[in-house]
Amino acid sequence: MKPAYEKPVIKKLHNGLMNKFGYSPAYARKVRTDIDGVPVADLVEKFGSPLFVYSERILRQKYRQMHTAFSTRYPNVVFGWSYKTNYLNAICALMHQQGSIAEVVSGMEYEKARALGVPGENIIFNGPHKAQAALETAVREGAMINVDHLDEIYALERVAQKLGRQLHVGLRLNLDAGVYPQWSRFGFNLESGQALEAAKRMKYGGKLVLSGLHCHLGTFIMDAGAYARQVEKMVAFGCELEKAFGYSIEYLDIGGGFPSKSRLKGVYLPPEVALPAIDEYAEAIAQALTKALRPGDFPKLILESGRALVDEAGFLITTITATKRLPDGTRAYVADAGVNLLFTANWFKFNIEMDREVGGVNEQSVIYGPLCMNIDVVDESVLLPPLSCGMRLTVSPVGAYNHTQSLQFIEYRPASVLIGERGEVDLIREAEDLADITRRERMPKRFAQEEVG
Amino acid sequence: MHKLSRLAINEEGFVFNPTTGDSFQVSETGLVILGKLRDGHSDEAIAQALAEKYEVSLEDAQRDVADFRASLKNLNLI
Amino acid sequence: MDELYIGVSGINAIDNPGPGIGVARSLKEDPDLAVNIVGLAYDAMEPGIYMDWVVDKSFILPYPSGAGEAFVERLLFIKRNHGLDVVIPNLDAELPLYIKHAAMLADHGILTFLPSMEQFRLRGKDRLLDIASKISISLPCTKIVNSLDGLLQALKEVGLPAMVKGSFYKAYKCHTVAEAVSHYHDLVAEWGYPIIVQQVVTGDEMNIVGLGDGEGNSLGLVGIKKLSVTALGKIWTGVTVKNQKMLAAVAGFIREFKWRGPFELECMVNGEEVFLIEINPRFPAWSYFATGVGLNLPSRLVRRCLGLPVPPVPDYDAGKLFIRYTYELVTDMANFQKAVTRGEAP
């Protein structure tokens with residue numbers, strides 16, 4: 001038999017970049033032939049490419065792991081599934097089956113949760129834009145509402161007036177926990193006294209009863225200590241409210257923002273080394289709570305984790321459709337999935353795995369998506385051996401935000417499948433076709449063309 | 001081909017250009033192509049030789065030889 | 001005694017030198033240890049690879065920024081095929097990886113003497129206030145930033161001039177906002193977030209190299225003052241000092257935090273006031289200075305690591321001079337070729 005073939009490559013050696021492992025086949029090169037035991041080739045054959053693939057095994061494992069981390073350290077823990085992270089119905093249903101309530105940030109998400117059968121009292125309604133009608137429905141159905149701004153206090157008071165009863169609501173805070181930039185555009189600022197003023201205003205109005213505090217520091221927070229500082233400040237503020245206005249704070253919603261093992265661009269070390277484990281977050285939060293709360297007082301601790309639960313359970317299979325050599329000598333590939341499906345490529349450097357072993361020296365390569373736009377880059381610099389057209393790449397972790405933020409710009413959105421714990425593959429969203437793009441369009445009569453033929 | 005003949009090439013894939021002082025690393029099949037180019041073989045003949053020696057189709061080999069030649073040109077080696 | 005294979009990284013003895021050569025040279029000077037120095041390099045052009053009177057054999061390692069498994073696999077490969085009994089990692093960027101895998105490496109017979117991950121995080125530039133307050137020295141106003149907005153805000157609070165520092169390496173004194181922004185971008189591109197913005201304090205730049213035993217005891221300390229530095233702020237000439245306040249603070253640091261392993265504490269001393277600038281959880285590039293005045297810390301580390309007797313801590317004299325100089329070696333391409341194609345040399 002003839003020896004295996006490797007594509008020919010020649011590279012100039014540059015000072016400071018003469019590290020053989022950058023190019024060596026044994027290192028930095030990743031192959032994935034299956035996801036949870038289901039061959040990548042079979043998945044594509046049956047459902048097409050590109051394809052979003054979710055692992056039920058990883059989803060449940062992540063949930064259990066995180067829930068255990070918190071519930072073994074604090075007696076009153078509730079998870080609110082962050083819909084915006086991934087609101088495919090099957091994913092949400094799985095999260096609810098695990099015991100999560102719903103955390104929504106818009107009227108659309110609220111309706112989605114209701115349509116999935118989640119009762120109003122198991123929905124947390126957050127966000128800067130809650131339309132009056134959505135707000136009224138949410139109130140009627142008993143949802144937990146975290147107030148974002150003063151106009152929402154007015155809006156809720158109008159609802160209370162209409163219903164003729166007092167409403168229990170939560171207050172969203174923004175505060176300095178050492179995380180910058182501070183997300184000061186959401187909620188009421190703690191340190192400046194704005195939050196206290198808001199509570200005073202509620203008390204004065206007499207229609208709203210403040211019974212919860214909410215604060216979401218940001219996203220991909222790599223310092224467990226930030227949550228401890230946040231919790232400390234929230235508890236202290238809760239005590240102040242109880243003393244000043246007689247409110248009783250029944251829940252502390254500390255938001256999400258826990259990182260997944262994804263590689264944020266601009267972080268030098270790999271995520272396994274750079275990121276604290278979820279237990280470290282749980283420990284910091286539980287310790288801060290125990291220290292700050294009165295003995296025997298255990299208000300409900302709500303976590304709105306999204307990314308940390310779903311990101312690593314999501315994969316995107318894409319196919320190489322063209323190979324190019326750029327004028328500067330860089331190897332380039334065109335894949336059938338780009339930033340239309342991988343919005344988070346802006347911030348994260350994905351793990352990119354090939355569907356088979358390929359011989360040859362690694363080259364610094366760029367992967368472009370299918371869009372006819374210069375910004376459509378999946379990875380501007382990835383070490384890959386020379387790939388051929390038709391090869392599949394599995395991109396991960398992509399479970400968080402990529403599906404919900406995917407675009408229909410010039411391409412159809414692909415199918416999504418869920419691999420069950422016994423290896424069964426369920427289609428959870430069909431691939432789109434022209435009807436999905438045009439269904440809502442209406443043609444003025446004067447443009448209607450006569451059928452040709 | 002003049003430039004190619006001046007290169008110092010070792011069998012482990014290390015290439016040194018005494019004229020410019022540049023060093024290069026080249027893969028096994030790249031070494032084969034470099035050697036044949038130095039001996040004055042045509043691209044077509046080199047592709048055929050690759051296809052005979054290795055597990056690769058003639059079409060892929062032709063494509064790769066052309067691509068490799070482009071790299072050499074880019075590196076100012078031919 | 002059997003030959004000991006000791007891995008030393010940071011053998012990049014360039015104008016911004018890594019600590020490796022000073023550490024390796026110290027080990028070679030312990031007359032009771034038969035040391036074979038294994039250079040652990042990241043680039044085929046690291047000078048240590050070619051300094052055969054200090055480094056016996058060198059291996060190229062995959063970058064610590066890649067997958068951790070490849071890194072560990074490479075160390076195990078060296079263990080199997082050459083020998084590796086102890087590793088002294090000398091570069092900030094690789095320390096988290098070594099700390100994380102310390103127990104596993106020890107199971108394979110590769111020993112390290114490093115702080116715990118908790119201790120390592122504690123000396124992070126964003127946590128120095130906790131340390132400074134516990135060992136009663138001052139800290140210049142310090143802000144940790146993760147965005148350009150954060151940088152501008154921090155500059156307002158800290159004032160100009162300000163030091164702008166990378167999370168692993170490099171620090172620039174910036175006199176204008178524009179200068180700070182430009183260095184900020186360079187630092188982010190090279191070393192990522194966060195970026196540290198620090199008030200500039202004046203005084204004498206004094207440093208201490210030390211070794212903690214992990215139980216609150218010191219295995220040796222030497223204090224120096226930098227007399228002249230390079231454009232990158234690296235020591236060029238220095239003198240040993242015994243500043244009691246600084247030495248007491250460092251002893252307190254070892255005691256209070258039960259520091260395990262080598263460290264460098266950088267201070268600014270202004271009369272009675274000692275400012276803590278930075279704590280590096282590894283040997284500094286000038287470690288040979290301590291060896292030269294009678295305190296061979298790398299050898300003491302190896303002895304401690306292997307359970308060999310560690311002699312009592314000797315005293316050192318203030319007023320000894322350290323003079324760095326340049327030197328050239330000429331060699332042919334053979335070792336370079338090997339380092340490039342095989343990843344090891346000679």
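All of the numbers you see were taken from the coordinates with simple rules; none came from a lab. Since we're looking at a predicted model, the values are computed, not measured. Glycine gets a Cβ as well: all are built from the backbone with ideal geometry, and neighbour counts include every protein chain shown.
Label separation (C:Leu232 vs A:Glu272): 3.0 nm, computed from points 7 Å beyond Cα along the C-beta direction. Using Cα pairs closer than 8 Å and at least 6 residues apart in sequence, work out the relative contact order for chain C, in percent. Worked out over chain C, it gives 18 percent.
I'd like the distance separating the alpha-carbon centroids of segment A:353-397 and segment C:102-143, in whole Å. The distance from the Cα centre of segment A:353-397 to that of segment C:102-143 comes to 39 Å. Looking at segment B:27-78, which trypsin sites (Lys or Arg not before Pro) are DSSP coil and have at most 12 other C-beta atoms within 10 Å of their C-beta? Those that pass, being in a loop and sparsely packed, number zero. A simple spin-label model places pseudo-atoms 7 Å from Cα toward Cβ; at A:Gln97 and C:His185 they are separated by 5.1 nm.
What the Cβ-Cβ distance of B:Lys53 and B:Asn10 gives, at R0 = 25 Å and to the nearest 0.05, is a FRET efficiency of 0.80.
Taking the helices alone, chain A has a mean residue ellipticity at 222 nm of -8500 deg cm²/dmol, built from -39,500 (n - 2.57) per DSSP H run of at least 4 residues and averaged over all its residues. So which trypsin sites (Lys or Arg not before Pro) in segment C:301-346 pass both tests, a DSSP loop state and at most 15 other Cβ atoms within 10 Å of the Cβ? Sites meeting the loop and neighbour criteria: C:Arg342.
For chain C, adding -39500 (n - 2.57) for each run of n ≥ 4 DSSP H residues and dividing by the number of residues yields -9500 deg cm²/dmol at 222 nm.
Using alpha-carbon positions, what is the distance between the centroids of segment C:12-73 and segment A:272-306, in Å? Each part reduced to its Cα centre gives a spacing of 42 Å.
The relative contact order of segment B:2-74 comes to 19 percent, based on Cα pairs under 8 Å that sit 6 or more residues apart.
Using the Cβ-Cβ distance between A:Tyr154 and C:Lys134 with R0 set to 60 Å, the FRET efficiency works out to roughly 0.75.
Based on Cα contacts under 8 Å between residues 6+ apart, segment A:126-305 shows a relative contact order of 20 percent. For chain A, the antiparallel share of DSSP beta bridges with both residues in that region comes to about 45%.
Have a look at the DSSP beta bridges in the protein assembly as shown and tell me what percent are antiparallel, nearest 5.
Here the antiparallel bridges make up roughly 60 percent for the protein assembly as shown.
By its C-alpha gyration tensor, with a ≥ b ≥ c as the square roots of the eigenvalues, how is the protein assembly as shown shaped: rounded for a/c under 1.5, else prolate for a/b larger than b/c, else oblate?
Values: a/c = 2.18, a/b = 1.15, b/c = 1.89.
Oblate.
Here segment C:184-207 is scanned for amide nitrogen atoms under 13 Å from the site 7 Å beyond the Cα of C:Asn270 along Cα-to-Cβ, giving C:199-205.
Relative to the dominant Cα principal axis of chain A, helix A:224-245 is inclined by about 20°.
Angle between the Cα long axis of helix B:58-74 and the longest principal axis of chain B, 0 to 90 degrees, nearest 10? Tilt of helix B:58-74: around 20 degrees.
Full extension of the segment from C:Tyr325 to C:Asp2, taken as 0.36 nm per residue of separation minus the current Cα-Cα distance, would add 112.9 nm. Return the loop-located GluC sites (Glu not before Pro) in segment C:175-244 (DSSP other than H, G, I, E, B) with at most 15 other Cβ atoms within 10 Å of their own Cβ; answer none if there are none. Passing both the DSSP loop test and the Cβ count: C:Glu215.
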